[in-house]
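Asks: Here it is: the structure, laid out below.
The values are calculated or read from the model by the stated rules, or taken from the named source; none is laboratory data. Here the structure is a predicted model, which means the values were calculated and not measured. Glycine gets a Cβ as well: all are built from the backbone with ideal geometry, and neighbour counts include every protein chain shown. Remember, those area values only see protein heavy atoms, side chains included, never the ligands or the DNA or RNA. Shrake-Rupley method; radii C 1.70, N 1.55, O 1.52, S 1.80 Å.
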Amino acid sequence: MLKRIALLGMPNTGKSTFFNRLTGASARIGNWPGVTVDLLSAKILLGAEMVEVVDLPGLYDLHGFAEDEQVVRRFLQNNPVDLLCLILNATQIDQQLPLTLQLCRLGLPAVAVLNMADEAERLGIRFDTEALAAGLGCPVCHVSAKYGQGFPETRDTLRRVLSQSPSTDLQALRADFAADDALIAEAEKLLARSVTIPPVLEYGLTERLDRIVLHPLFGIPLFLLALFLLFQAVYTLGGPLQDGMTWLLTEFRDLALAPLQAILPGWLYGLLVEGLYDGLGTVASFVPIIVLFFLGMALVEDSGYLSRIAFLMDALMAKLGLDGRGFVMLLMGFGCNVPALMGTRVMRSRGLRLLTMLIIPFSLCSARLQVFVFLTTALFSPAQAPVVLFALYVLSFLTAFATALLFKNRIGAAAEPLLIELPPYRLPTLGQVALRAWREVYHFLSRASRFIIAGVVMIWLLTHLPPSAAVGGPDTLAGLFGGWLEPLLRPIGIDQRMAVVLLFGFVAKEIVLGAMAVVYGLEGDALAQLMTQQMDWVQAFSFMLFTLLYTPCLSTVATLRGESRSLAFTGFSIAWSLALAWLVSLVFYQGARLLGF
Amino acid sequence: MTMVRLSELAMGQQGIIEDMDAEEPFRQRLQALGFRVGKEVRPIRQALFGGPLQVRVGSVNVMLRRNDAALIHVWAEC
Ligand SMILES: Nc1nc2c(ncn2[C@@H]2O[C@H](COP(=O)(O)OP(=O)(O)O)[C@@H](O)[C@H]2O)c(=O)[nH]1
């Protein structure tokens with residue numbers, strides 16, 4: 001049978017980095033007996049044998065009550081594991097040794113991997129590896145997952161221990177989960193015996209950075225500035241790349257696809273080129289911006305800055321019935337709302353968790369970003385466009401905050417004790433950032449292509465059926481739907497055609513641009529040109545407001561349902577976002593018209 | 001040395017943990033991050049508007065709210 005190695009360790013010990021380096025990029029996400037969350041695993045060749053490596057969630061205590069910790073426990077109780085690979089942060093070994101002892105005492109073969117050897121060395125922490133190994137009762141390896149030192153030895157040790165490991169007895173293991181307070185005392189003793197830590201650890205750089213980043217007065221403005229600069233950078237760098245991409249796509253269409261018009265039947269050409277290619281192409285031209293955006297996000301996430309933001313924003317969030325983690329999840333939602341919603345699992349109080357889940361869908365995700373980039377570029381001057389975009393981000397926060405404020409008492413979000421580690425700042429390597437960004441972009445593309453192909457084909461059909469009607473005209477199916485929605489959307493400045501686009505945007509915002517391309521029968525620059533004639537900036541902004549606030553996508557709805565386990569809550573969330581979207585757009589549109597714009 | 005709550009220590013003032021009033025799940029979390037009887041703790045700074053404290057315990061920096069910090073009794077060093 002395939003032998004199985006489980007990676008275990010506290011959060012922030014570099015477990016993911018270690019996993020990535022050990023397994024290459026072959027990892028996949030899978031379901032496991034006994035646990036409801038997905039875990040990353042990979043099959044690798046160790047010596048002459050294939051083994052499976054599973055990355056378990058980070059945990060602080062095997063007997064903790066947080067959901068992640070229970071996942072680990074249930075996994076170990078239900079899935080035979082042949083070897084525990086315990087990842088420790090060597091620079092915080094004093095804090096991590098108790099958990100390590102706990103894990104070593106499970107009676108499974110184990111290897112302790114002291115990660116961040118590079119930092120430990122710089123800090124002057126010295127290890128008596130033999131004493132440590134003897135005390136733990138398992139081999140000890142030193143590695144730097146980030147820079148790759150120590151990996152050949154570690155692989156060798158893993159292979160050696162694995163080849164000697166007897167098959168596991170799940171029964172005995174289950175019995176082993178017993179109280180173990182005495183271990184903590186033992187850990188202290190072992191620490192005193194085997195590790196020398198200088199009295200004051202020199203986290204000089206982190207201290208100095210924290211003095212600025214966490215400054216009582218400047219901390220929050222600095223964060224806003226950083227955010228603005230990040231988006232400015234994405235926008236400035238991404239613009240030319242996007243133009244290049246658009247040019248490529250148009251050239252390809254003119255040179256390679258246009259000749260097909262003579263060969264293919266008219267309807268097939270229309271469906272394939274004017275439907276699929278134009279729809280997909282319009283979305284594809286945004287890939288450079290999305291890549292840049294995720295690079296930026298990965299940089300922020302890996303640097304240790306996020307927990308500082310939780311620190312800065314906690315007081316404000318407490319007034320809204322939330323806590324600092326809720327704000328960080330709003331930020332994570334900038335990438336995609338789905339993982340942000342799942343991130344609320346760390347919250348134990350149900351009210352707090354529901355309230356946080358209620359506001360996350362207002363977070364301006366990357367799919368909505370491309371719609372906004374397209375429209376702001378088309379309808380505003382290059383100087384105005386980034387400001388408009390930033391205003392949308394601000395609005396996304398404001399609506400999230402207002403929602404929390406309105407419903408905090410009704411949902412009854414009870415505060416729970418909050419304890420978050422502030423890890424030292426670390427600059428991720430280029431490879432790490434690239435890997436993270438690649439995963440996100442891959443996810444985006446696979447999602448986008450799935451939704452877009454189906455959506456675009458649907459829309460093409462709707463705008464072309466019945467065949468007797470003029471394409472895109474009021475007699476087509478699309479025209480019919482648009483006509484129904486029109487009375488509702490006219491007061492907010494959205495016409496029949498855009499109404500159809502919004503209808504599809506409900507499924508996923510990735511479809512919106514593709515849908516516009518198909519509905520108007522144009523793509524790229526020509527579409528942007530047309531938009532300036534079809535609507536003025538007031539209408540465009542109203543459309544963007546609506547797009548920002550109404551339900552992000554079906555995946556988000558499904559996640560809301562799955563995570564809240566409540567249909568009523570999910571329904572409420574959808575109804576509230578639709579009502580808010582309509583109201584905000586109405587106030588803006590009618591207000592602007594009243595003022596004479 | 002006087003016994004005070006962790007939330008009452010001045011910024012930068014060191015204390016030695018004597019007792020923790022925290023309820024079970026939170027207590028365990030505190031212990032996992034290194035809060036144990038006899039350990040040295042030191043508040044580093046506080047966020048604006050009565051926000052959370054940054055506290056150093058051993059080699060670890062954590063943030064916790066003032067009312068939670070009040071559950072931890074320490075011997076204050078002068
Ligand atoms: N200096 C150094 N940093 C590392 C090493 N391994 C991981 N890191 C950094 O530690 C941080 C946390 O790593 P990650 O793999 O996300 O931790 P996880 O939460 O345990 O999965 C990241 O910023 C990594 O770049 C290492 O060996 N040396």
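Asks: Could you list all residues from region A:273-300 that are open to solvent by less than 40 Å² (accessible area, probe 1.4 Å) and either within 12 Å of A:L230 (Cβ to Cβ) or outside any helix (DSSP H, G or I) (or both)?
Replies: Selection gives A:S285, A:F286, A:L292, A:F293, A:F294, A:G296, A:M297, A:A298.
Asks: Just give me the residues in region A:426-435 being within 9 Å of the ligand (Cβ to nearest atom) and open to solvent by 50 Å² or more (accessible area, probe 1.4 Å), in sequence order. Walk me through it before giving the result.
Replies: To start, the set of residues in region A:426-435 that are within 9 Å of the ligand (Cβ to nearest atom) comprises A:426-429, A:432.
Within region A:426-435, just A:L427 meets the criteria.
Asks: On to the next question. For A:L485, state whether it is open to solvent by 40 Å² or more (accessible area, probe 1.4 Å) and part of a helix (DSSP H, G or I).
Replies: On the way: open to solvent by 40 Å² or more (accessible area, probe 1.4 Å): yes; part of a helix (DSSP H, G or I): yes.
So A:L485 passes the test.
Asks: Of the residues that make up region B:65-73, is at least one within 9 Å of chain A (Cβ to nearest Cβ) and touching a Gly at 6+ places or on another chain (Cβ under 9 Å)? Let's see the steps before the verdict.
Replies: Keep residues of region B:65-73 that are within 9 Å of chain A (Cβ to nearest Cβ), which gives B:65, B:67-68, B:71.
Going one step further and asking which of them are touching a Gly at 6+ places or on another chain (Cβ under 9 Å), we end up with B:65.
Among the residues of region B:65-73, at least one is within 9 Å of chain A (Cβ to nearest Cβ) and touching a Gly at 6+ places or on another chain (Cβ under 9 Å), which makes the answer yes.
Asks: Going through A:E416, A:E440 one at a time, which residue ends up being open to solvent by 40 Å² or more (accessible area, probe 1.4 Å) and of a type in the set (D, E)?
Replies: A:E440
Asks: Further question: Residues of region A:295-336 being away from the ligand (no atom under 16 Å from the Cβ), more than 9 Å from chain B (Cβ to nearest Cβ) and among the hydrophobic types (A, V, I, L, M, F, W, C), which ones?
Replies: A:M317, A:L320, A:L322, A:F327, A:M329, A:L330, A:L331, A:F334, A:C336
Asks: Which condition number in (1) open to solvent by less than 70 Å² (accessible area, probe 1.4 Å); (2) within 14 Å of another protein chain (Cβ to nearest Cβ); (3) modelled with pLDDT under 70; (4) in contact with a Lys or Arg (Cβ under 9 Å, 6 or more places away or on another chain) is the one that A:E202 fails?
Replies: (1)
Asks: Here are some residues: A:R308, A:R350, A:R253. Which one is surrounded by fewer than 23 Cβ atoms within 10 Å (Cβ to Cβ) and in contact with an Asp or Glu (Cβ under 9 Å, 6 or more places away or on another chain)? If you could, list the steps in order and put the result at the bottom.
Replies: Details: A:R308 fails: surrounded by fewer than 23 Cβ atoms within 10 Å (Cβ to Cβ); A:R350 fails: in contact with an Asp or Glu (Cβ under 9 Å, 6 or more places away or on another chain).
After applying the criteria, what remains is A:R253.
Asks: Right, another one. Find the residue count for region A:75-91, including only residues that are open to solvent by 10 Å² or more (accessible area, probe 1.4 Å) and within 12 Å of A:G9 (Cα to Cα). Steps first, answer last, please.
Replies: Residues of region A:75-91 open to solvent by 10 Å² or more (accessible area, probe 1.4 Å): A:77-78, A:80, A:82.
Keeping just the survivors that are within 12 Å of A:G9 (Cα to Cα) gives none.
Of the residues in that region, 0 qualify.
Asks: Under 8 Å between Cβ atoms, which residue pairs at least 6 apart in sequence (or on different chains) link something in region A:111-122 that is on the phi > 0 side of the Ramachandran plot and modelled with pLDDT of 90 or more with a partner that is open to solvent by less than 10 Å² (accessible area, probe 1.4 Å) and within 10 Å of the ligand (Cβ to nearest atom)?
Replies: Note: pairs meeting the criteria are A:M116/A:T13; A:M116/A:N89; A:M116/A:A90; A:M116/A:T91; A:M116/A:S144; A:M116/A:A145.
Asks: Identify the residue in region A:41-61 that is assigned to a loop (DSSP other than H, G, I, E, B) and within 13 Å of the ligand (Cβ to nearest atom) and, among all such residues, is farthest from the other protein chains (Cβ to nearest Cβ). Explain how you work it out, then say what you get.
Replies: To start, the set of residues in region A:41-61 that are assigned to a loop (DSSP other than H, G, I, E, B) comprises A:47-48, A:56-61.
Cutting the leftovers down to within 13 Å of the ligand (Cβ to nearest atom) gives us A:56-60.
Details: A:L56: 16, A:P57: 14, A:G58: 11, A:L59: 9, A:Y60: 3 Å.
Only one residue tops the list, namely A:L56.
Asks: Specify the residue that is nearest to the ligand (Cβ to nearest atom); the eligible residues are those in region A:9-25 that are more than 14 Å from chain B (Cβ to nearest Cβ) and in a loop (DSSP other than H, G, I, E, B). Spell out the reasoning first.
Replies: As a first pass, look at region A:9-25 and keep what is more than 14 Å from chain B (Cβ to nearest Cβ): A:14-25.
Those still in the list that are in a loop (DSSP other than H, G, I, E, B) too: A:14, A:24-25.
Working: A:G14: 3, A:G24: 15, A:A25: 15 Å.
Within region A:9-25, the match that is nearest to the ligand (Cβ to nearest atom) is A:G14.
Asks: Within region B:21-44, does at least one residue satisfy the condition of being touching a Leu at 6+ places or on another chain (Cβ under 9 Å), in a strand (DSSP E or B) and within 7 Å of another protein chain (Cβ to nearest Cβ)?
Replies: no
Asks: Now for a different question. Looking for something assigned to a helix (DSSP H, G or I) and of a type in the set (S, T, Y) - is there at least one such residue anywhere in region A:346-354? Explain how you work it out, then say what you get.
Replies: Taking region A:346-354 as the starting set, the residues that turn out to be assigned to a helix (DSSP H, G or I) are A:346, A:350-354.
Those left that are additionally of a type in the set (S, T, Y): none.
So far as region A:346-354 goes, no, none of its residues is assigned to a helix (DSSP H, G or I) and of a type in the set (S, T, Y).
Asks: Out of (1) in contact (Cβ under 8 Å) with a residue 12 or more places away in the chain; (2) in the same structural domain as A:L306 (by TED's automatic domain parsing), the odd one out for A:V387 is which?
Replies: (1)
Asks: Right, next: If you check A:N409 against the conditions, is it out of contact with any helix residue (DSSP H, G or I) (no Cβ under 7 Å at 6 or more places or on another chain), more than 14 Å from chain B (Cβ to nearest Cβ) and either under 27 Å from A:I574 (Cα atoms) or surrounded by 22 or more Cβ atoms within 10 Å (Cβ to Cβ) (or both)? If you could, list the steps in order and put the result at the bottom.
Replies: Working: out of contact with any helix residue (DSSP H, G or I) (no Cβ under 7 Å at 6 or more places or on another chain): yes; more than 14 Å from chain B (Cβ to nearest Cβ): yes; either under 27 Å from A:I574 (Cα atoms) or surrounded by 22 or more Cβ atoms within 10 Å (Cβ to Cβ) (or both): yes.
For A:N409, the condition - out of contact with any helix residue (DSSP H, G or I) (no Cβ under 7 Å at 6 or more places or on another chain), more than 14 Å from chain B (Cβ to nearest Cβ) and either under 27 Å from A:I574 (Cα atoms) or surrounded by 22 or more Cβ atoms within 10 Å (Cβ to Cβ) (or both) - is met.
Asks: Being within 14 Å of the ligand (Cβ to nearest atom) and aromatic (F, W, Y), is that true of even one residue in region A:129-147? Walk me through how you get there before you give the answer.
Replies: Our first condition is that a residue be within 14 Å of the ligand (Cβ to nearest atom); within region A:129-147, this holds for A:141-147.
Those still in the list that are aromatic (F, W, Y) too: A:147.
Within region A:129-147, one or more residues are within 14 Å of the ligand (Cβ to nearest atom) and aromatic (F, W, Y).
Asks: Counting just the residues of region A:100-119 that are surrounded by 22 or more Cβ atoms within 10 Å (Cβ to Cβ) and within 13 Å of the ligand (Cβ to nearest atom), which one comes out farthest from the other protein chains (Cβ to nearest Cβ)?
Replies: A:V113
Asks: Checking A:Q496 against (1) out of contact with any Asp or Glu (no Cβ under 6 Å at 6 or more places or on another chain); (2) at negative phi, which single condition isn't satisfied?
Replies: Just one mismatch for A:Q496, condition (1).
Asks: If you take the residues in region A:490-507 that are assigned to a loop (DSSP other than H, G, I, E, B) and crowded, with 18+ Cβ neighbours inside 10 Å, which one is modelled with the lowest pLDDT? Let's see the steps before the verdict.
Replies: Pass one, region A:490-507, residues assigned to a loop (DSSP other than H, G, I, E, B): A:493-495, A:506-507.
Going one step further and asking which of them are crowded, with 18+ Cβ neighbours inside 10 Å, we end up with A:493-494, A:507.
Working: A:G493: 90, A:I494: 89, A:V507: 78.
Looking at the filtered set, the residue picked out is A:V507.
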